[in-house]
Amino acid sequence: MRYSMAMNEAYIVDALRSPTGRRKGSLASWHGADLGAAVLRALVERNAVPAEDYDDVIFGCVDAIGPLAGDIARTAWLAAGLPDAVPGVTVDRQCGSSQQALHFAAQGIMSGTQDVVAVGGVQTMNAIPISAAMLAGREYGFEDPFSGSKGWVARYGTETVSQFHAAERIAEKWQLSREEMERYALQSHQRAVAAAEAGYFASQLLPVGGLEHDETPRDTSMEKMAGLEPLLENGRLTAATSSQTCDASAALLMVSEAALKRYQLRPRARIHHLSVRGDDPIWMLTAPIPATEHAMKKSGMSLADIDLVEINEAFASIPLAWLAETGYPEEQTNVNGGAIALGHPLGATGARLMTALLCELERRGGRYGLQTMCEGGGQANVTIIERLG
């Protein structure tokens, strides 16, 4: 006999983020624990849940070495001066780490084993550059994480595992010209600048260390971008059509229905769907396409039901290929700019995107929002939220 149990609902009550600090910018000297602590402290202070009542802290982080090592979720909570009794766990699903942190928190709440969870992520890319963890093994005799594996080589050979090569392959397959990708990048900056000037980010930004606004949006032009050298020889992508290195943190408060009643909280959104899918790890960055299709089937929805989409702009070719395959309206996608303008703080990006998605749904009065992103290993998370209130 099979027994069924009603699934609990998981709610988002609050979401906030630090500004994105550019390369060699205002946040470059910050310790990762302190940058993570800033958003966690604010999250606790502005919500009516006693700090000791949090069940867990789940944070995303990539390249977790040096100041980011030792379970940064736990360290950041403690650095914020919050109770010893609350544990923390750090998640690494590459660029989707803090989106996966949200998924784990939602699953804990839906299962009935947790009621109050702080989720988010932090990355200090000035201090710990991208791929630092992958290169850290060289002093121990490991050139990279893949080539020493007999099973990996038997399956994938010695092909380069590189986001740059993958992004170029995608541009070639979907016939995306350099000019088309530069036009998309320019729009990302223009949207971010316009949103900042209109005050759209005010409700989500937490000033940190005197920094009150994102440092990453640029005053650029098609002419300026046209003069840049490609990332790869004879390639189409340049630094202008790639996400920016930056420092940032973000955090959300997720709770159960019981916690809503117990602490008299107002839910801002309900988690409607969670899933994650994989694709070819050599292509690496294509997974948002099959993951979105999978999410539509699992949820019983169509993209016509979705009011807004946030898809990470790791490279301009990623959202452009996704848009080409899905047919989703570009004017409802990354409406206030994406990672090309606002930076891609790796382990914090998923939480930053969800904060942006929630706040823009509220501003527009939309109902459903979808978030997805490409991730190392050829993976992609999909989260669908329903705005409440």
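Here, each number is a calculation from the coordinates, and none is a lab measurement. This one's a predicted model, so the numbers in the text were calculated from it and none came from an experiment. Reconstructed Cβ throughout: ideal geometry from the backbone, glycine too, with neighbour counts over all protein chains shown.
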(message) Between Ala37, Ala85, Ala101, which is part of a loop (DSSP other than H, G, I, E, B) and either in contact with a helix residue (DSSP H, G or I) (Cβ under 9 Å, 6 or more places away or on another chain) or hydroxyl-bearing (Ser, Thr, Tyr) (or both)?
(response) Ala85
(request) Quick one: which residue in Gly60, Gly108, Gly88, Gly66 is within 22 Å of Ile271 (Cβ to Cβ), in contact (Cβ under 8 Å) with a residue 60 or more places away in the chain and of a type in the set (Gly, Ala, Ser)? (result) Gly60
(request) State the number of residues belonging to segment 223-242 that are assigned to a loop (DSSP other than H, G, I, E, B), without any contact (Cβ under 8 Å) to a residue 60 or more places away in the chain and of a type in the set (D, E, K, R). (result) 2
(message) Take the conditions of a type in the set (Gly, Ala, Ser) and within 23 Å of Val39 (Cα to Cα) and apply them to Gly209. Does it pass?
(response) yes
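Here's the yes/no breakdown for (1) among the hydrophobic types (A, V, I, L, M, F, W, C); (2) at negative phi; (3) outside any loop (DSSP other than H, G, I, E, B):
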| residue | (1), (2), (3) |
| --- | --- |
| Gly350 | no, yes, yes |
| Leu357 | yes, yes, yes |
| Glu362 | no, yes, yes |
| Gly366 | no, yes, no |
| Cys374 | yes, yes, yes |
| Asn381 | no, yes, yes |
| Gly389 | no, no, no |
(message) Give me the helices (runs of 4 or more DSSP H) completely within segment 150-222, filtered to those with at least 3 residues that are among the charged types (D, E, K, R) and within 17 Å of Ile340 (Cβ to Cβ), ordered by residue number.
(response) 178-198
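Table: residues versus (1) out of contact with any Gly (no Cβ under 9 Å at 6 or more places or on another chain); (2) not in a helix (DSSP H, G or I).
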{"position": "Val89", "(1), (2)": "yes, yes"}
{"position": "Gly108", "(1), (2)": "yes, no"}
{"position": "Val122", "(1), (2)": "no, yes"}
{"position": "Ala127", "(1), (2)": "no, yes"}
{"position": "Leu135", "(1), (2)": "yes, no"}
{"position": "Glu139", "(1), (2)": "yes, no"}
{"position": "Glu143", "(1), (2)": "no, yes"}
(request) Read through the list (1) in contact with a Pro (Cβ under 7 Å, 6 or more places away or on another chain); (2) more than 20 Å from Arg367 (Cα to Cα), then give the number of the only condition that Ile311 fails. (result) (2)
(message) Which of the numbered conditions does Pro329 fail, given that it passes all the others? Conditions: (1) over 17 Å from the mean Cα position of the chain (by Cα); (2) in contact (Cβ under 8 Å) with a residue 60 or more places away in the chain.
(response) (2)
(message) Could you list, ordered by first residue, the pairs with Cβ atoms under 8 Å in which the first is in segment 202-219 and among the small types (Gly, Ala, Ser) and the second is part of a loop (DSSP other than H, G, I, E, B), at least 6 apart or interchain?
(response) Gly209/Ser26; Gly209/Leu27; Gly209/Trp30; Gly210/Ser26
